[in-house]
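Report on the following structure.
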């Protein structure tokens, strides 16, 4: 009998262990990180070394600011992960229901952020145009932000556990085993899951997800899907761009912003910043901003046919504008195919070399002239989406088509892309390309 009693606890222990393993398998969780590499993840806008896999962890350097996202979008699910900061005050985040690409002029995506900051674990808030209804919030202090109801964080160097439940636009967060934050009515309520790089080294491990039945929400409440864009600027340096001696110290990587002071000492066209690679047919996304204080300037008034307006005496008509400088984007290796950036009333996006070429047929010059001005004010960020297919160019500015399938005679079939030197301070960000 003593022998039987001795064995019974062992048998029960084995059965319980086996049952526990089976139960865990039946939960339906699958890993989002395989422990060996970054398969299943997309580095959206960071340098290659920002995100690496090591010792069963995803290691993020925190530099530059940016995100890495899942390949797949998710709606309803339970997500679990562990993370640790290495330094006190470290900052990072977990994004859910995210767009595929970063918001205009920003290093982060439109999404719902779940804060991962040393000393502040568990805020849930909407960023870059997303929205939510907070559960526990100080509406006078921060709009659309839920604060944790308990401090559950462990200090830097120790592992913390997050359990995120997403159900029909509702987010529940448990930190180290206790629910501390809720948010409702999230928009989007479906999208990518992102890990955030925000200035300090952080480690992630044991990332797993259990998908729950979804509702197939409409596009209006779904994060924008990935379309195959890849980043041409990594936020850390100018890899992938041709460098000449006189450009150094003038074209500079400043985190997610590529800054040009307008003062290159290189000779000739080398003052422009050219890609090393040549491109034929593509979609190019570029954010740009004129950061300096604008000054009053008289500039030409351009007619829809590309000519300058004239008065009764035949003199060119001008208009007074607040001018913050001039720049542009060269396509297919030629300055003639320049997508203009300036403050003229006709608007940015015109194709300068074709609009001003009087030897071109009127229909070409008209097509190279913006249909309307869609620029934001100087100091604000703008977004170009430029589509080049064979000899036709389409330019979208801030969501509005300003050039539609302008057919450009003699435009090269292929060539590098350049950010233009025009002697003025200009900033670029979020440079993505999709080859067609």
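Would you please classify the overall shape of the stretch 30-225 from the alpha carbon gyration tensor, given that a ≥ b ≥ c denote the square roots of the eigenvalues, rounded means a/c under 1.5, and beyond that prolate means a/b larger than b/c while oblate covers the rest?
Working: a/c = 1.36, a/b = 1.13, b/c = 1.20.
In terms of gyration-tensor shape, rounded.
Over the stretch 30-225, what is the mean sequence separation of C-alpha contacts under 8 Å (at least six apart), divided by residue count, expressed as relative contact order in percent? Don't jump to the answer; show the numbers that get you there.
On the way: 577 pairs, mean separation 62.6, N = 196.
It comes to 32 percent, rounded to a whole number.
Over the Cα atoms of the stretch 126-202, what is the Rg over Rh ratio if Rh follows Kirkwood?
0.97
Averaging sequence separations of C-alpha pairs under 8 Å and six or more residues apart, then dividing by the length of the stretch 312-436, give the relative contact order as a whole percent. Please list the in-between numbers first.
Details: 228 pairs, mean separation 32.2, N = 125.
In percent, rounded to a whole number, it is 26.
Given a cut-off of 16 Å, what percent of all Cα-Cα pairs of the stretch 182-279 lie beyond it? Let's see the in-between values first.
On the way: 3487 of 4753 pairs.
Of the Cα pairs, 73 percent sit more than 16 Å apart.
In nm, to one decimal, how far is the modelled label at residue 149 from the one at residue 409, with both set 7 Å along Cα→Cβ?
7.3
Between the stretch 122-169 and the stretch 306-369, how many Å separate their Cα centres?
One Cα centre to the other: 48 Å.
To the nearest 10 degrees, how steep is helix 2-26 against the longest Cα principal axis of the chain, on a 0 to 90 scale?
So the inclination is approximately 20 degrees.
Can you give the calculated 222 nm mean residue ellipticity of the chain, where each DSSP H run of n ≥ 4 adds -39,500 (n - 2.57) and the sum is split over every residue, rounded to the nearest 500 deg cm²/dmol?
On the way: 3 runs with 35 residues, N = 436.
Helix contribution divided over all residues of the chain: -2500 deg cm²/dmol.
What does the extension gain come out to for residue 315 and residue 292, with contour length at 0.36 nm per residue minus their alpha carbon separation? Working shown, then result.
Details: separation 23, 0.36 × 23 = 8.28 nm, distance 3.13 nm.
Extra length from residue 315 to residue 292 when fully extended: 5.2 nm.
Which three lengths, in whole Å and largest first, does the stretch 334-436 cover when its Cα atoms are put on their principal axes?
36, 30, 28
For a quick protection proxy, order the peptides 127-138, 192-203 by their average other-Cβ count within 10 Å, most packed first. Could you put the intermediate results ahead of the total?
On the way: 127-138: 17.7, 192-203: 23.3.
Going by the mean number of other Cβ atoms within 10 Å, highest first, we get 192-203, 127-138.
Could you work out how far the C-alpha centroid of the stretch 191-254 sits from that of the stretch 28-98, in angstrom?
The stretch 191-254 and the stretch 28-98 have Cα centres spaced 11 Å from each other.
On alpha carbon coordinates alone, what is the Rg over Rh value for the stretch 238-389, Rh being the Kirkwood radius? If you can, show how the numbers build up before the last one.
Working: Rg = 16.6 Å, Rh = 17.0 Å.
Ratio of gyration radius to Kirkwood radius for the stretch 238-389: 0.98.
Could you work out how much longer the chain between residue 216 and residue 305 gets when fully extended? Use 0.36 nm per residue separation minus the Cα distance between them, nm to one decimal.
Details: separation 89, 0.36 × 89 = 32.04 nm, distance 4.65 nm.
Result: 27.4 nm gained on full extension.
When the chain is fully extended, how far beyond the present Cα-Cα distance does residue 37 get from residue 225, taking 0.36 nm per residue of separation? Could you put the intermediate results ahead of the total?
Values: separation 188, 0.36 × 188 = 67.68 nm, distance 2.34 nm.
Difference between extended and current length: 65.3 nm.
State, to one decimal in nm², a quarter of the convex hull surface area for the C-alpha atoms of the chain, i.e. the direction-averaged projected area. Display every interim value, and only then the final one.
On the way: hull surface 109.3 nm².
Across all orientations, the chain yields a mean hull projection of 27.3 nm².
Bear in mind that the values in this text are calculations on the coordinates, not laboratory data. Source: prediction; values computed, not measured. So basically every Cβ, Gly included, is an ideal-geometry build from the backbone, and we count neighbours across all protein chains shown.
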